[in-house]
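The structure appears below as structure tokens.
Read-outs: derived from the displayed coordinates by stated rules, not from any lab. Small disclaimer: the values here were computed from a predicted structure and weren't measured. Neighbour counts are summed over all protein chains in view; Cβ atoms, including those assigned to glycine, are modelled from backbone coordinates with ideal geometry.
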Amino acid sequence: MTRIGGKLAISLSILALAGLSACGERGAAAPPTAAAALERASAVSQPDGWDQDLKIAPAQDLNPDPHVLEVNLEAKPVELEILPGKKTTVWTYNGQLPGPLLRAQVGDRVIVHFKNSLPVATTIHWHGLRVTNDMDGAPGITQPPVEPGGEFRYEFVLKDAGTYWYHPHVDSAVQVGHGLYGPIVVEDPKDPKAFGDELVLMLSDMSLDDDGQPLPDDNGGQFGVLFGREGSTLLVNGKVRPHLKVRAGKQQRWRVINAARARYFNLRLPNHRFVRLGGDNGLAARSEDLYSIVVSPGERTDAVFTPADPPGSHKVLQWVPFDRGYGSTFNRPREDLFAIDTVDAPPVTPEPIPETLRAIEPLDISGAKEQRLAFTIAIDGKSVVMGFNGTAYEHAQPLEARVGETQVWHLVNDTDFAHPFHLHGFFFQVLDETRVPEWKDTVSVPSKSEMKIAVKFDERPGMWMYHCHILEHADAGMMGHLHVIDPAAPESAPPSAATHMHMPAHVHDAKAVPADAGSSSTDVDRADAQQ
Ligand code: C2O
Ligand code: CU
Ligand code: CU
């Protein structure tokens with residue numbers, strides 16, 4: 001089954017706008033042959049230099065084996081020009097913002113030689129990838145933190161197609177907020193070509209003053225923790241308001257990744273719809289038409305964009321305030337994300353997008369063990385303490401599961417904010433019949449709501465993490481452990497409470513201040529200040 005209705009409507013409106021329909025076909029039943037007169041999207045390429053401003057350079061592959069991607073990644077501070085004419089010290093992988101694109105095919109092996117040239121300890125976490133537990137990058141749990149000057153070798157096989165990302169897991173709000181994030185695309189060679197040419201859009205923000213200097217990491221104080229820090233400078237692939245060139249009717253496949261600490265991205269373009277293909281774990285069961293793409297922190301969306309503006313037009317795709325709870329939308333303007341320039345070339349007829357994309361079997365939840373996880377926020381004297389079920393991360397007992405078991409988790413959110421819930425290592429299904437079935441690793445649980453997810457623990461035992469992906473919330477304690485036990489392996493018996501708590505406290509508590517943050521600015525971040 002294909003969905004041609006919407007696409008045809010778009011191409012006909014392009015025809016009308018371009019004034020190409022005035023060739024005598026007017027009248028009651030204008031046959032679709034008018035559209036057939038146009039070239040098909042598949043017959044033309046994207047405009048020259050269409051993604052030049054937005055391209056994320058891939059990592060250099062050091063391994064001649066086509067099924068092994070072997071790269072060096074070095075975390076290091078560099079100076080970049082983010083605001084015009086100003087220098088900003090950014091923490092990067094290999095000097096790039098975002099870090100290099102890791103692109104490979106499902107089934108390929110990845111080897112990463114990681115070096116830490118930051119002034120503080122760090123790790124790399126491979127968000128969404130089903131790696132073995134020892135490669136998960138959780139400091140003090142799956143590996144020791146990599147100290148300044150230290151190295152670590154990561155190696156794993158890419159089990160699933162989809163869009164993923166990598167980022168540190170030490171003092172995450174600070175380190176991700178300073179620029180440490182990079183995209184991962186795992187291709188499935190069987191994907192229909194109709195989805196169009198790919199564009200990775202890694203969205204984030206930074207807290208900069210007018211001189212391009214980063215605001216202090218504790219900017220906004222406890223309010224910054226409670227709300228999460230939304231930087232005033234919006235970044236698309238590390239740039240402020242870059243340009244994208246498109247041709248009317250020629251589709252593009254956007255892989256959107258939200259790498260911001262706390263900001264939700266809600267993308268909208270007047271006169272356009274998007275066809276959502278899926279997200280975290282690649283394709284969903286069906287494609288779906290959307291007027292806006294909403295991506296919560298940590299989440300991904302895979303969507304086809306069909307330019308429908310007449311040739312020669314210039315538009316700006318904007319960030320639109322999204323209600324993620326108290327104070328998130330009131331008196332906040334839309335903000336520009338990137339410019340879309342439609343080239344002066346005749347429109348083409350878009351290719352139909354299949355409606356059925358992938359078979360997704362619902363997990364069998366009969367007899368599944370249920371666990372309840374409530375997001376909780378408490379004010380303890382002057383500081384905000386967050387957690388699950390009233391317990392902050394440091395004091396929490398791990399949840400338990402057995403290899404092969406399926407569980408149902410009730411995510412309960414009575415707080416005033418939405419929380420993007422993320423589970424490491426395993427994909428889950430949201431038990432909600434109004435949603436198109438898909439596999440996810442991150443899902444936003446709206447304020448004052450409950451959500452049920454089903455998850456099956458496959459053959460990868462170990463201690464895994466789950467947390468809110470508003471990174472200030474995670475750092476303030478909204479994080480927990482899940483111990484997946486392999487009953488056949490005696491050495492993976494449940495750890496004593498003492499074992500898992502021997503993690504060095506500084507790993508999560510220290511607020512390392514980068515050398516460049518200085519104390520020169522007391523400006524309160526625009527978003528934090530609720531202008
Ligand atoms: Cu992007 Cu612990 O996660
Ligand atoms: Cu993760
Ligand atoms: Cu949260």
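Assorted remarks:
- Highest average packing first - 446-459, 53-66, Cβ atoms within 10 Å: 446-459, 53-66
- As a proxy for reagent exposure, HIS272, HIS169, HIS67, HIS113 were ordered by neighbouring Cβ count within 10 angstrom, fewest first; the result is HIS67, HIS113, HIS272, HIS169.
- Across region 301-419, counting alpha-carbon atoms alone, Rg and Dmax equal 23.2, 64 Å.
- Mean separation of Cα contacts under 8 Å, 6 or more apart, over the residue count of the chain: relative contact order %: 16 percent
- Listed residue pairs exceeding 30 Å between alpha carbons, taken from LYS190/LYS250; LYS87/LYS315; LYS159/LYS193; LYS115/LYS193: LYS115/LYS193
- Relative contact order, whole percent, for region 225-284 stands at 35, derived from Cα pairs under 8 Å and 6 or more residues apart.
- Projected label points at ALA489 and PHE330, each 7 Å from Cα along the beta carbon direction, are separated by 5.1 nanometres.
- Simple Cβ-charge dipole of the chain, Lys/Arg +1 and Asp/Glu -1, about Cα centre, in debye nearest 20: 1320 debye
- Distant-in-sequence amide H partners of GLU400 (H built 1.01 Å from N, under 5 Å): HIS483
- Using C-alpha pairs below 8 Å separated by at least 6 residues, the relative contact order for region 305-344 is 53 percent.
- Each peptide in 126-136, 336-346 gets a packing score, the mean of other Cβ atoms within 10 Å over its residues, and the list from highest to lowest is 126-136, 336-346.
- Taking Lys and Arg as +1 and Asp and Glu as -1, the other residues whose beta-carbon sits under 13 Å from that of VAL320 total +2.
- Of all DSSP-defined beta bridges confined to the chain, some 70% are antiparallel rather than parallel.
- Electrostatic bookkeeping for ARG276 treats Lys and Arg as +1 and Asp and Glu as -1; over the other residues with beta carbon under 9 Å from its beta carbon, the sum is -3.
- Degrees between helix 5-18 axis and first principal axis of the chain (Cα, 0 to 90, nearest 10): 60 degrees
- Cα gyration tensor shape for region 311-354, rounded if a/c is under 1.5, else prolate or oblate: oblate
- Value of [θ]222 nm, deg cm²/dmol, for the chain, DSSP H segments ≥ 4, -39500 (n - 2.57) each, nearest 500: -2000 deg cm²/dmol
- The slack between ASP188 and SER449, meaning 0.36 nm per residue of separation minus the straight C-alpha distance, is 90.4 nm.
- Fully extended contour minus Cα-Cα distance, from GLU400 to GLU81, at 0.36 nm per residue: 110.1 nm
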